[in-house]
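Notes to accompany the following structure.
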Amino acid sequence: MDERIINILNILETDDSLSQREISRRANISLGTVNALISRCIRTGLVKVKKLNSRNIRYMLTPEGMKELTRKSMAYIKRSYQAILEVEQKVRELAEEKTGEGKNIILLGAEDEIYQIAARTLQAANIGFQHVTSNEELPREGNCFVIHWDPDFCEPEGQGIEIRNIFSRG
């Protein structure tokens with residue numbers, strides 16, 4: 001199903017008294033597209049229209065619309081959970097391998113959700129680590145292994161330390 005429809009269903013689920021113009025603004029899609037998508041939702045039975053008066057209407061999710069929204073939400077949660085498990089496994093495997101080689105583990109990145117996943121994984125595996133938030137904080141040399149997750153991070157030149165992005169395939 002079109003992600004824009006899911007977005008509209010989410011918006012209507014939180015507030016069914018919105019105009020198409022307001023739905024358009026919240027969904028960040030054109031008014032004409034919102035009109036076409038809502039019409040499609042009505043035709044497919046995901047949304048019904050209730051006329052409040054001569055000027056106002058209300059778009060309400062039908063039970064089928066709620067089912068579709070629930071299916072999409074469950075699929076999203078399952079994909080997200082699988083991705084978290086993969087990150088945990090990669091962090092654990094890399095850290096176990098590198099600490100087995102006698103290297104110290106450094107987590108490089110903001111204290112965001114990815115950091116929380118990596119830090120909790122290392123803590124659960126009883127693997128010590130240091131956390132730094134910028135290249136400048138990295139040691140200039142030493143027996144360390146750096147795990148990072150920032151797509152904009154550039155590996156520092158000539159520091160002689162091993163660095164790996166946990167989202168890389170390598």
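The values are calculated or read from the model by the stated rules, or taken from the named source; none is laboratory data. What you are looking at is a predicted structure, and each value in this text was computed from that prediction instead of being measured. Cβ coordinates were reconstructed from backbone atoms using ideal geometry, including for glycine residues, and neighbour counts include every protein chain displayed. Just the protein is used for accessible areas: all its heavy atoms, side chains included, with ligands, DNA and RNA removed. Shrake-Rupley method; radii C 1.70, N 1.55, O 1.52, S 1.80 Å.
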Among (1) open to solvent by 90 Å² or more (accessible area, probe 1.4 Å); (2) over 30 Å from residue 11 (Cα atoms); (3) not in a loop (DSSP other than H, G, I, E, B), residue 119 falls short only on (1)
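Check 68, 97, 111 and return the single one that is without any contact (Cβ under 8 Å) to a residue 60 or more places away in the chain and assigned to a helix (DSSP H, G or I).
97
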Give the number of residues within region 77-116 that are among the small types (Gly, Ala, Ser), surrounded by 11 or more Cβ atoms within 10 Å (Cβ to Cβ) and more than 13 Å from the chain's Cα centre (by Cα).
-> 3
Among the residues of region 1-59, write down those that are among the small types (Gly, Ala, Ser) and either within 22 Å of residue 75 (Cβ to Cβ) or not in a helix (DSSP H, G or I) (or both).
-> 17, 19, 27, 30, 45, 54
Report whether or not residue 18 is in contact with an Asp or Glu (Cβ under 7 Å, 6 or more places away or on another chain) and either open to solvent by less than 50 Å² (accessible area, probe 1.4 Å) or in contact (Cβ under 8 Å) with a residue 40 or more places away in the chain (or both).
-> no
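So which of 66, 74 is aliphatic (A, V, I, L, M), farther than 30 Å from residue 117 by Cβ and either surrounded by 13 or more Cβ atoms within 10 Å (Cβ to Cβ) or within 22 Å of the chain's Cα centre (by Cα) (or both)? Explain how you work it out, then say what you get.
Values: 74 fails: farther than 30 Å from residue 117 by Cβ.
Just a single option satisfies the conditions, and that option is 66.
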